[in-house]
Amino acid sequence: MAYSQTPKKAGLPREVLKWLQALDLSFFPKNVRRDLSNGYLVAEIFSWYFPRDFHMHSYDNGASLAARQSNWSQIERFFEKQNISLLKEVIDGTIHCKPGAAELLVQEIYTFLTNRRIQTIQRVEQNFTDKAYQDQLPMVARATASVAIKSNLSLSEVIAEPNIITNQRKVLAIIHRQIEQRKEERTQDPKRFNVKPTLGEQAVRLPPLAYQSEPNLQMNTSQAAC
């Protein structure tokens, strides 16, 4: 069985999907991460509620990084004007198709615009990595360090952030998570990694004196008296 690096499509709660369908958008987001990344659909959603603030001819439905940044710059100015607080990490994650970011964003938008609570919350990975997906895979199918970097650090993210040190820190953070995951795997399946028990683990451990049987306790006492 083949395993993809990360799931390309993610589900949304039923009430959110019905709401999106009712808006009669120019196209329905079949792939949430891809279709919301450039911000065009997000602007179109808000245009139904704030028609005077959103003019769709000002937005580009292209896939380039320049189109994404231009669209989201306009949207964020509107958020600031209306005191709408959405985490910058969520927006950046949506722009760069990070796992879970677009799903979280559209749920937050639904709650804000409809003033309704989501009955069945679609849980997502809050740090916008593919860790939850990797944990579901068998150990032999999990990503290596190089694949993990490719899956969790997109090219657009690198281009948008010209600071080399910042990108190096992101890479190191991914590698650190990968090392921690390997440590966890070694603990879960020591035989697979040929992990041998330490001398301390092999040593025979006797229960504390207070929990030994009474005859043994009396024997130890008499020996101590001699």
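The values are calculated or read from the model by the stated rules, or taken from the named source; none is laboratory data. None of these values were measured; they are calculated from a predicted model. Ideal geometry is used to build each Cβ from the backbone, glycine not excepted, and the neighbour counts take in all protein chains shown. What goes into the accessible areas is simple: the full protein's heavy atoms, side chains included, and nothing from ligands, DNA or RNA. Shrake-Rupley method; radii C 1.70, N 1.55, O 1.52, S 1.80 Å.
Scanning the range 22-39 for residues that are open to solvent by 40 Å² or more (accessible area, probe 1.4 Å) and under 25 Å from P99 (Cβ atoms) yields a count of 4. Every listed requirement among (1) more than 22 Å from N152 (Cβ to Cβ); (2) surrounded by 19 or more Cβ atoms within 10 Å (Cβ to Cβ); (3) small (G, A, S); (4) within 21 Å of the chain's Cα centre (by Cα) is met by A43 save one, (4).
In this structure, does W19 turn out to be buried (at least 18 other Cβ atoms within 10 Å of the Cβ), of a type in the set (F, W, Y) and either within 17 Å of I95 (Cβ to Cβ) or in contact with a helix residue (DSSP H, G or I) (Cβ under 9 Å, 6 or more places away or on another chain) (or both)? Taking the combined requirement at face value, the residue satisfies it. In the set (1) farther than 20 Å from A67 by Cβ; (2) open to solvent by 40 Å² or more (accessible area, probe 1.4 Å); (3) at pLDDT 70 or above; (4) part of a helix (DSSP H, G or I), the condition left unmet by L113 is number (2).
Considering only the range 59-79, I want to know if a residue exists there that is over 18 Å from V90 (Cβ atoms), part of a helix (DSSP H, G or I), among the polar types (S, T, N, Q) and out of contact with any helix residue (DSSP H, G or I) (no Cβ under 8 Å at 6 or more places or on another chain). Yes - at least one qualifying residue is present in the range 59-79. Scanning the range 52-104 for residues that are at positive phi and exposed (fewer than 12 other Cβ atoms within 10 Å of the Cβ) returns a single hit, N83. So, S64, is that one more than 30 Å from A148 (Cβ to Cβ) and of a type in the set (G, A, S) or not? No, not satisfied.
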